[in-house]
Amino acid sequence: ARKSEHAEHAQHAAHEGGNNKKIALIISVLALFLAFSETFGKSSQTAALNFQIEASNLWNFFQAKNIRRTATIVATESAKIELASATEGPRKAALAKQIDEWTKTAARYQSEPEAAGGKGEGTRELARRAIEEQAKRDDALARYHHYEVASAAFQIGIVLASATVITGMIALSFLAAGLGLLGIAFMAIGLFAPHAVHLF
């Protein structure tokens with residue numbers, strides 16, 4: 001009877017040890033995916049900040065160009081009024097030349113597609129570029145939020161899997177694995193379709 005009791009304890013310990021190895025494997029896999037999710041999340045957060053800075057710089061440049069363009073247009077209109085009342089030939093010629101130069105300058109401030117290596121530095125191009133940077137920022141932020149949800153799922157999964165070892169409640173390990181799958185799903189959404197699910 002004593003031998004069978006020892007054998008029963010040994011068999012129970014071996015079974016428990018096998019479960020603990022499986023749970024340790026679940027914890028390891030969850031930790032691996034947590035590391036990826038945290039890395040992707042930090043990268044997306046940094047990218048979002050960089051895109052926001054670039055968009056702000058472009059909008060500031062846009063405002064400066066727009067102010068210069070407006071001042072040039074006002075000066076042109078003032079010169080046109082002066083030209084209408086000018087009587088001297090040389091003065092009229094000088095004003096006409098100045099009006100022409102200012103008109104070209106105002107047009108260049110509005111659209112200068114060849115500047116900045118073909119990116120453009122007129123107000124039209126600057127606005128377009130700033131909006132593009134804002135869209136990139138929004139994509140990066142959407143990715144970041146999905147990676148954060150994935151990280152939370154992995155962290156909670158690790159806690160539940162660890163609790164399985166302590167409590168022996170195998171159902172917790174299934175819940176941990178389910179949270180791991182949920183985390184993987186949110187990582188995939190962050191990578192491939194950041195605007196598919198809107199949580200925030």
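Taken together, the values in this text are just the output of simple stated rules run on the coordinates, not laboratory data. What you see is a predicted model, and the numbers here were worked out from it, not measured in a lab. All Cβ positions, even for glycine, are placed from backbone atoms using ideal geometry, and neighbour counts span all protein chains on display.
Observations on the structure shown:
- Legend: distances between Cα atoms for Lys97/Lys119; Lys65/Lys104; Lys42/Lys136; Lys80/Lys104; pairs beyond 19 Å are Lys97/Lys119.
- Of Gln110, Ile81, Leu179, farthest towards positive along the dipole that unit charges on Lys, Arg, Asp, Glu beta carbons give the chain: Ile81
- The candidate values are (1) 13.7; (2) 15.7; (3) 12.1; the one derived from this structure for mean projected area of the Cα convex hull in nm² carries the label (2).
- Placing pseudo-labels 7 Å out from each Cα toward the beta carbon at Ala107 and Leu181 gives an inter-label distance of 6.5 nm.
- Amide H contacts of Ala115 (H built 1.01 Å from N, in plane; Pro and chain starts excluded): Gly120, Glu121 sit under 5 Å, all sequence-distant by 5 or more or on other chains.
- With θ taken as phi - 60° and the Karplus curve 6.51 cos²θ - 1.76 cosθ + 1.60 applied, the whole-hertz 3J(HN,Hα) list for segment 95-107 is 5, 4, 5, 5, 4, 4, 5, 5, 4, 5, 5, 4, 5 Hz, x standing for glycine and proline.
- Three-way shape call for segment 131-196 based on the alpha-carbon gyration tensor, with the a/c threshold at 1.5: prolate
- Of Leu141, Phe51, Pro90, farthest towards positive along the dipole that unit charges on Lys, Arg, Asp, Glu beta carbons give the chain: Pro90
- Shape class of segment 40-156 from the Cα gyration tensor (axes a ≥ b ≥ c, square roots of the eigenvalues): prolate, since a/c reaches 1.5 or more and a/b is larger than b/c.
- Spatial separation of Cα centroids for segment 22-45 and segment 97-146, in angstrom: 40
- Relative contact order (percent, whole number), segment 107-200, Cα cutoff 8 Å, 6+ residue spacing: 25
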